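These notes concern the structure reproduced below.
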Amino acid sequence: QYVPVKGDHVIGIVTAKAGDVFRLDVGGSEPASLSYLAFEGATKRNRPNVQVGDLIYGQFVVANKDMEPEMVCIDSSGKSSGMGIIGQDGFLFKVSLGLIRKLLAPKCEIIQELSQLYPFELVIGMNGRIWVKAKTVQQTLIIVNILEACEYMTAEQRKQALAKLSGN
Amino acid sequence: PGETSVLAGLYGPAEAKVSKELPDRAALEVLLRPKVGLPGVLERSREQLLRQTCEAVVLGVLHPRTAISLVLQVLSDAGSLLSCCLNAACMALLDAGLPLTALFCGVTCALQPDGTILLDPTARQEQEARAILTFAIASSERKVLMATTKGSCSVEEMQQCLATAQRAATTIFQFYRDSVRRRYSK
């Protein structure tokens, strides 16, 4: 199970709006809170358009065992740097935490090889969640299956699988 | 080859109800469901035994104000049920990745009227025995986490049963290792 850590970037699912604060499910033992002011260019008049069920990519500012975790979608200089509401369509799925760390390692061959197959958008959350969007639903599902299978495949098996797909 | 089997499911650490949460550690709850019928007093007492054993190994201070639920369903009972439940509980804790100080295993000894010690008795052997002792033994230096006795025996006999159980624990821990190895190497 995922344990929130300060500074980790995660994908959360909005479960409730409670006044000025959103409750997000991040896969930990309790929901995280996200203030509506923690977005780039958000003011009291200019609120972000967040609905229940939306996906948000953000990082933890408070995450210890004694307090409820708190997230924000801006970094220390006030810019969003890729964080915020994740767009429409795409596919969210869960993988093990070990695979996430492998994918986020500096020179990850899996993502390089996949990008040669089809162009796609990818968001990786340290809480084990990955969001993928490619041009068609079929391409998206193929990428999802390969990422899920990467856990158990060796490098050769992966290259073989990708070669078969790009041959098709 | 044993026919006693127990299915264990572990949930957590999850959000606890305000009435049940502890401010500095995780609240562990065990539910034991018998094969037939509703849970009765015997199940309740076994749940408490399991809970106290698990609380001794789980590092609850890492997850304050959370609830960890362990649900055990008895699938078949052919003797040595309590130690089967202990083993299932430990494997569930291990599989869920909860922080533990040590692993534990359950071993049942039956003391027969003539003094011989039987390990992991069947239901029939349990009935004929003079005393049945169940021990929960930790993996660190084979320390005793829990001991429960049904029937009467002398102190020396209990010591002998304990020593036998500690030796048997090694086999069970090896089984844990093999199972985990098989699970994580496809």
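The values are calculated or read from the model by the stated rules, or taken from the named source; none is laboratory data. None of the values given here were measured: they were computed from a predicted structure. Here the Cβ positions follow ideal geometry from the backbone for every residue, glycine too, while neighbour counts run over all protein chains shown. Note: areas computed on protein heavy atoms with side chains; ligands, DNA, RNA excluded. Shrake-Rupley method; radii C 1.70, N 1.55, O 1.52, S 1.80 Å.
Quick notes on this structure:
- Using the Cβ of residue A:75 as centre and a radius below 14 Å, the other residues enclosed give a net charge of 0, where K and R count +1 and D and E count -1.
- Inter-centroid distance (Cα atoms) of region B:135-180 relative to region A:36-56, Å: 58
- Average accessible area per residue (Å²) across the protein assembly as shown - probe 1.4 Å, nucleic acids and ligands excluded: 54
- In loop segments of region A:1-57 as defined by DSSP, the trypsin sites (Lys or Arg not before Pro) with at most 10 further C-beta atoms inside 10 Å of their C-beta are A:44, A:45.
- For region A:91-166, the relative contact order is 34 percent, taking Cα pairs closer than 8 Å that sit 6 or more residues apart in sequence and dividing their mean separation by the residue count.
- Taking Cβ atoms as reference points and 11 Å as the exclusive limit, the residues near residue B:135 contribute a net charge of +2, counting Lys and Arg as +1 and Asp and Glu as -1.
- Cα shape, region A:91-166, gyration tensor, a/c 1.5 rule: oblate
- Debye, to nearest 20: dipole size of chain A, +1 on Lys, Arg Cβ, -1 on Asp, Glu Cβ: 240
- Computed with a 1.4 angstrom probe on protein heavy atoms, the A-B interface buries about 900 square angstrom of accessible area in total.
- Remark: relative contact order (chain A) = 20 percent; criterion is Cα-Cα distance under 8 angstrom and separation of 6 or more residues.
- Cysteines in chain B that, by Cβ-Cβ distance, have no pairing candidate under 4.7 Å: B:54, B:84, B:85, B:90, B:105, B:153
- Interface burial in region A:25-53 reaches 20 Å² or more for A:29, A:30, A:31, comparing the full protein assembly with the chain by itself; accessible area from heavy atoms with a 1.4 Å probe.
- Sparse-neighbourhood loop sites, trypsin sites (Lys or Arg not before Pro) in region A:98-168 - DSSP loop, at most 15 other Cβ within 10 angstrom: A:107, A:135
- Residue-averaged [θ]222 nm for chain A, counting only DSSP H segments that reach four residues, each worth -39500 (n - 2.57): -7500 deg cm²/dmol
- Fully extending the segment from residue A:5 to residue A:105, taken as 0.36 nm per residue of separation minus the present Cα-Cα distance, adds 34.2 nm.
- Cα gyration tensor shape for chain B, rounded if a/c is under 1.5, else prolate or oblate: prolate
- Label-point gap, in nm, between residue B:175 and residue A:81 - each point 7 angstrom along Cα→Cβ: 5.2
- For region A:8-85, a simple Cβ point-charge model (Lys and Arg +1, Asp and Glu -1, everything else neutral) yields a dipole of about 360 debye relative to the Cα centre.
- Taking the Cα centre of the protein assembly as shown as origin and assigning +1 to Lys and Arg Cβ atoms and -1 to Asp and Glu Cβ atoms, the resulting dipole is close to 640 debye.
- The sum of -39500 (n - 2.57) across all DSSP H runs of n ≥ 4, divided by the residue count of chain B, sets its helix-only mean residue ellipticity at 222 nm to -12500 deg cm²/dmol.
- A simple spin-label model places pseudo-atoms 7 Å from Cα toward Cβ; at residue B:116 and residue A:97 they are separated by 5.0 nm.
- Within region B:1-47, the residues that become at least 30 Å² less accessible when every protein chain is included than when their own chain is isolated (1.4 Å probe; DNA, RNA and ligands ignored) are B:13, B:15.
- Per-residue extension of 0.36 nm, minus the Cα-Cα distance of residue B:59 and residue B:123, leaves a gain of 19.5 nm for this segment.
- Contour excess over end-to-end distance, with Cα ends at residue B:182 and residue B:45 and 0.36 nm allotted per residue: 45.9 nm
- Among the GluC sites (Glu not before Pro) within region A:38-141, those in coil by DSSP and having at most 15 neighbouring Cβ atoms inside 10 Å are A:40.
- Net charge contributed by nearby residues that have their C-beta within less than 9 Å of residue B:21 (K/R +1, D/E -1): +2
- Note on the protein assembly as shown: dipole from Cβ charges, positive end direction compared against B:74, A:29, B:58; the farthest Cα belongs to A:29.
- Estimated translational diffusion coefficient (Stokes-Einstein, Kirkwood radius over Cα pairs, 37 °C, 0.692 mPa s) of chain A: 193 µm² per second.
- Relative contact order (%) - criterion: Cα under 8 Å, at least six apart; region: chain B: 20
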